[in-house]
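The values are calculated or read from the model by the stated rules, or taken from the named source; none is laboratory data. Quick caveat: nothing in here was measured; it's all calculated off a predicted structure. FYI the Cβ positions are ideal-geometry reconstructions off the backbone, even for glycines, and counts take in every protein chain you see.
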Amino acid sequence: MSCINYITGGRLGDFFQQLSVVYEYYLKTGKKGIIYLDDTLGDKFRFGAAKALEDIREIIALQPYIKDVRLHNGEQFDVDLTLWRAHIFRSNSYSEVMEAIYKVEYGKRKWLLNIPIDTRWSDITVINTVDYRFPNRKSDIAFFNTLDLSKTIFVSFSEEQYNIFVMNIPLPIQIPFYRPADLMEVCIILNSCKLMAGSLSAFMTFATALHKDCVYPADTVNLMYNMDKHMPMIKYTTPDGSKN
């Protein structure tokens with residue numbers, strides 16, 4: 001059976017959000033996807049498409065609905081996964097936009113599949129924040145203080161982001177920092193943990209794709225505001241009208 005050819009740019013979180021469309025097309029047609037990465041579409045991958053391809057290969061190899069991911073070199077494609085960007089500042093949610101463009105039930109099913117479980121993380125809340133979408137409103141700070149901090153770990157590739165969190169979110173105890181070895185370990189941790197909390201970021205996208213319970217500010221990005229209507233494992237801290 002022939003494949004469906006897709007094209008997309010970055011960033012990493014957007015790439016993994018879009019895989020729900022690829023999965024739904026696979027369920028509808030039985031055709032696996034070949035996905036081409038192109039830094040000229042959408043946002044550029046932070047370290048370039050070639051590095052992104054290297055980093056995601058192990059994860060993608062586990063997905064039964066994807067035949068391959070490749071760098072784009074002028075090949076023809078059937079589906080442009082970046083079309084949603086034209087709607088980014090409108091009032092509809094990300095789910096609604098994706099459903100309108102691609103005619104699929106976006107995000108209704110877990111789409112990051114076959115990720116192992118590490119039981120050492122089963123009762124741990126994972127926090128990951130990024131300074132460009134930092135959750136420091138009063139309601140965000142109040143939420144972080146409701147967590148069992150003795151079973152909470154800040155997971156990130158960046159110790160600088162951890163330090164920013166510690167300096168800006170007053171907590172009664174300092175939570176530990178953990179740096180994962182690679183993106184595969186990130187996915188294992190998030191598939192295994194009790195809860196994911198923090199900023200809208202690539203880590204939060206992994207949690208969403210894994211249908212893991214997660215919490216982030218409702219006002220972070222307009223398109224993410226109504227996601228909980230489509231994916232009930234998503235929860236928000238109380239909105240206050242501000243933008244992070």
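Looking only at segment 211-242, count every residue that is at pLDDT 85 or above and surrounded by fewer than 21 Cβ atoms within 10 Å (Cβ to Cβ) and tell me the total. Spell out how you get there, then give the answer.
Initially, segment 211-242 is screened for residues at pLDDT 85 or above, giving 211-215.
With the extra rule that they be surrounded by fewer than 21 Cβ atoms within 10 Å (Cβ to Cβ), the set shrinks to 211, 213.
So the count comes out to 2.
If a residue counts only when it is outside the structural domain of residue 45 (by TED's automatic domain parsing) and over 21 Å from residue 54 (Cα atoms), which helices (runs of 4 or more DSSP H) contained entirely in segment 150-215 have at least 3 such residues? Spell out how you get there, then give the answer.
Numbers: elements: 159-168, 183-192, 202-209.
Fully inside segment 150-215 and qualifying: 159-168.
How about segment 16-44: which of its residues are in contact with a Gly (Cβ under 8 Å, 6 or more places away or on another chain) and surrounded by 23 or more Cβ atoms within 10 Å (Cβ to Cβ)?
20, 22
For residue 192, which of the numbered conditions (1) crowded, with 16+ Cβ neighbours inside 10 Å; (2) of a type in the set (S, T, N, Q); (3) closer than 19 Å to residue 160 by Cβ fails to hold?
Of (1) crowded, with 16+ Cβ neighbours inside 10 Å; (2) of a type in the set (S, T, N, Q); (3) closer than 19 Å to residue 160 by Cβ, only one is false for residue 192: (3).
Pick from 125, 129: which is touching a helix residue (DSSP H, G or I) at 6+ places or on another chain (Cβ under 6 Å), farther than 30 Å from residue 27 by Cβ and of a type in the set (Ser, Thr, Tyr)?
Values: 125 fails: touching a helix residue (DSSP H, G or I) at 6+ places or on another chain (Cβ under 6 Å).
Sole residue among the options that is touching a helix residue (DSSP H, G or I) at 6+ places or on another chain (Cβ under 6 Å), farther than 30 Å from residue 27 by Cβ and of a type in the set (Ser, Thr, Tyr): 129.
Do you know which of the residues in segment 93-141 that are in contact with a Cys (Cβ under 8 Å, 6 or more places away or on another chain), part of a loop (DSSP other than H, G, I, E, B) and among the hydrophobic types (A, V, I, L, M, F, W, C) is nearest to residue 78 (Cα to Cα)? Talk me through it step by step, then tell me what you get.
Looking only at segment 93-141, we keep the residues that are in contact with a Cys (Cβ under 8 Å, 6 or more places away or on another chain), and these are 112, 115, 121-122, 124-126.
The next check asks that each one be part of a loop (DSSP other than H, G, I, E, B); those that pass are 112, 115, 122, 124.
If we keep only those that are among the hydrophobic types (A, V, I, L, M, F, W, C) too, we end up with 112, 115, 124.
Values: 112: 22, 115: 28, 124: 41 Å.
For segment 93-141, the residue satisfying everything is 112.
Which pairs do you get when a residue that is over 22 Å from residue 161 (Cβ atoms), found in segment 114-128, comes within reach of a residue that is among the charged types (D, E, K, R), reach meaning Cβ atoms under 8 angstrom, with the pair 6+ apart or on two chains?
What qualifies is 122/194; 123/151; 123/194.
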